[in-house]
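Comments concern the structure below.
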Amino acid sequence: MNRRVSKAIFPVAGLGTRFLPATKSVPKEIMTLVDRPLIQYAIDEARAAGIEDFIFVTSRGKSALEDYFDLAPDLESALEQKGKTELLEILRSTNMDSGTIAYLRQHKALGLGHAVSCARKLIGDEPFAVILPDDVIAAEKPCLQQMVEAYQDTGGAMVAAMEVAPEQTSSYGVLDVADQNGAVTKVRGMVEKPAQGTAPSNLAVIGRYILTPQVLKNMDSIGRGAGGEIQLTDAIAQEITAGRDVFGYSFKGERYDCGSKAGFLQATVAFALARDDLRDDLAGFLADLHNGQQA
Ligand code: G1P
């Protein structure tokens with residue numbers, strides 16, 4: 001199979017209940033880290049990795065996402081008239097070409113595997129990426145780009161991987177490691193959300209995947225898994241059972257779990273501290289706050 005990865009699926013159908021009441025009317029993916037919506041980080045990362053077709057799997061109440069990716073001609077001309085070229089450039093950098101974005105609805109919340117399989121007809125017969133926008137990864141070379149490069153050598157299916165504390169493995173898909181070669185781990189099994197104390201390793205799946213269409217076909221036979229949901233992890237593990245290669249890729253970068261409030265706040269602070277226009281003020285404020293608490 002050719003190894004060009006030009007399509008990416010963004011599963012964005014989740015209700016975002018952990019961020020209620022904010023997510024009552026605002027999709028979680030539109031919530032901002034500093035001044036960019038979560039989804040923009042995912043799109044930027046995909047673009048850097050050479051993705052050309054963007055497939056969003058959405059659900060009811062997510063139309064703000066579609067509006068976000070539409071052009072804003074009134075806003076653009078207002079900024080133009082006022083000579084606000086810098087803002088105009090920022091705004092235009094978010095524009096997507098017509099025909100490059102597709103929106104599909106997952107009609108029932110049956111799990112991540114099911115959400116991804118909703119895009120089956122648009123994927124056709126080529127490898128594709130999956131990006132979970134909740135996992136925000138700050139990296140010199142964007143995580144998916146690292147993976148696409150490694151994938152040129154490995155083929156197979158590849159998931160981003162990261163060591164987590166043993167008590168956290170039950171929140172993730174976890175890899176059973178066969179063999180490790182630098183950043184690439186050959187996987188001999190995968191378990192979604194293993195019960196405490198039963199995880200095969202501390203190497204957790206993070207929300208970046210490069211998959212083959214076969215993984216989508218596997219979805220028909222796996223049935224419901226952890227939490228009663230159709231799990232992407234199980235469909236990938238099925239590849240191993242069928243004798244095909246699955247790899248974990250230990251990316252370089254800092255991952256923030258923006259599906260949790262603590263992770264979202266950490267990402268907000270880290271991304272703000274990385275910005276020239278905000279660093280000094282915020283660092284001063286945080287130092288004062290810290291000193292005040294210690295006093
Ligand atoms: C999903 C996947 C899980 C993965 C995690 C990474 O779980 O099912 O395998 O480890 O994303 O963030 P969720 O966080 O949606 O429960």
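Per-residue counts of other Cβ atoms within 10 Å, averaged by peptide: what ranking do you get for 103-114, 216-227, highest first?
Working: 103-114: 17.7, 216-227: 15.1.
Per-residue mean Cβ counts within 10 Å order the peptides as 103-114, 216-227.
Can you work out the accessible area per residue across the range 223-268, with the rest of the protein chains kept in place, probe 1.4 Å, in square angstrom?
Using a 1.4 Å probe on heavy atoms only, each residue of the range 223-268 averages 45 Å².
Computed extension length for Glu66-Ala226: 54.5 nm, one decimal, from 0.36 nm per residue of separation with the Cα-Cα distance subtracted. Angle of helix 261-273 to the longest C-alpha principal axis of the chain, folded into 0 to 90 degrees and rounded to 10: 50°. Distant-in-sequence amide contacts of Gly259, defined by a placed amide H-H separation under 5 Å and a gap of 5 or more residues or a different chain, comprise nothing.
Taking all protein chains in place and a 1.4 Å probe, what share, in percent, of the accessible surface of the chain do carbon and sulfur account for? Can you show the working numbers first?
Details: 7370 of 14790 Å².
Of all accessible area on the chain, carbon and sulfur atoms account for 50 percent.
Placing +1 on the Cβ of every Lys and Arg and -1 on the Cβ of every Asp and Glu, with no other charges, gives the range 1-127 a dipole of roughly 740 debye about its Cα centre. Taking the chain as a Gaussian network, where each spring joins two C-alpha atoms under 10 Å apart, which residue of Gly61, Gly248, Gly284 fluctuates the most? Result: Gly284 has the largest fluctuation of those listed. An oblate overall shape is assigned to the range 143-229, the ratio a/c of its alpha-carbon gyration tensor axes (a ≥ b ≥ c) being 1.5 or greater and a/b not exceeding b/c. Along the range 189-202 the Karplus relation, 6.51 cos²θ - 1.76 cosθ + 1.60 evaluated at θ = phi - 60°, assigns HN-Hα couplings of x, 9, 10, 8, 6, x, 4, 2, x, 10, 5, x, 6, 9 Hz to successive residues, with x for each Gly and Pro.
Using only Cα coordinates, the Kirkwood hydrodynamic radius of the range 147-295 works out to 17.3 Å.
For the peptides 252-261, 73-82, 201-210, the ranking by packing is 201-210, 252-261, 73-82, with the highest mean count of neighbouring Cβ atoms within 10 Å listed first. When both bridge partners sit in the chain, DSSP labels roughly 60% of those beta bridges antiparallel.
Derived scalar couplings between HN and Hα for the range 39-52 equal 5, 5, 4, 5, 5, 4, 5, 5, 4, 4, 8, x, 6, 10 Hz in order, rounded to whole Hz, by the Karplus curve 6.51 cos²θ - 1.76 cosθ + 1.60 (θ = phi - 60°), x for Gly and Pro. Taking a spot 7 Å from the Cα of Glu89 along the direction of its beta carbon, which residues of the range 47-70 have an amide N less than 17 Å from it? The answer is none, because no backbone nitrogen lies closer than 17 Å to the label point. One chain, two ends: Ser6 and Asp288. Fully extended at 0.36 nm per residue, the span grows by 96.8 nm beyond their Cα-Cα distance. Along the charge dipole of the range 130-285, pointing to its positive end and built from +1/-1 on Cβ of Lys, Arg, Asp and Glu, which listed residue (Ala199, Ala272, Leu132) has its Cα farthest out? Result: Ala199. Summarising the amide proton neighbourhood of Asp176: residues at separation of 5 or more, or on other chains, whose placed amide H is nearer than 5 Å comprise Arg188, Gly189, Met190, Val191. Among the listed pairs Lys7/Lys252; Lys7/Lys217; Lys62/Lys261; Lys121/Lys261; Lys141/Lys217; Lys84/Lys261, those whose Cα-Cα separation exceeds 28 Å are Lys121/Lys261; Lys141/Lys217; Lys84/Lys261.
The alpha carbon centroids of the range 1-48 and the range 85-134 are separated by 9 Å.
In the context of the full set of protein chains, residues of the range 127-207 present 40 Å² of accessible surface per residue (probe radius 1.4 Å, heavy atoms only). Restricting the calculation to Cα atoms, the range 189-257 shows an Rg/Rh of 0.96 when the hydrodynamic-style radius is the Kirkwood one. When only alpha carbons of the chain are considered, Rg and Dmax amount to 19.8, 63 Å.
Between the beta carbons of Thr32 and Glu76, assuming R0 = 22 Å, the FRET efficiency works out to 0.65 to the nearest 0.05.
Shown in residue order for the range 183-188 are the 3J(HN,Hα) couplings computed by the Karplus curve 6.51 cos²θ - 1.76 cosθ + 1.60 at θ = phi - 60°: 6, 9, 10, 7, 10, 10 Hz (x for Gly and Pro).
The values are calculated or read from the model by the stated rules, or taken from the named source; none is laboratory data. Just so it is clear, the structure is predicted and the values come from calculations on it, not from any experiment. Positions of Cβ are backbone-derived with ideal geometry, glycine not excepted, and every protein chain shown enters the neighbour counts. Remember, those area values only see protein heavy atoms, side chains included, never the ligands or the DNA or RNA. Shrake-Rupley method; radii C 1.70, N 1.55, O 1.52, S 1.80 Å.
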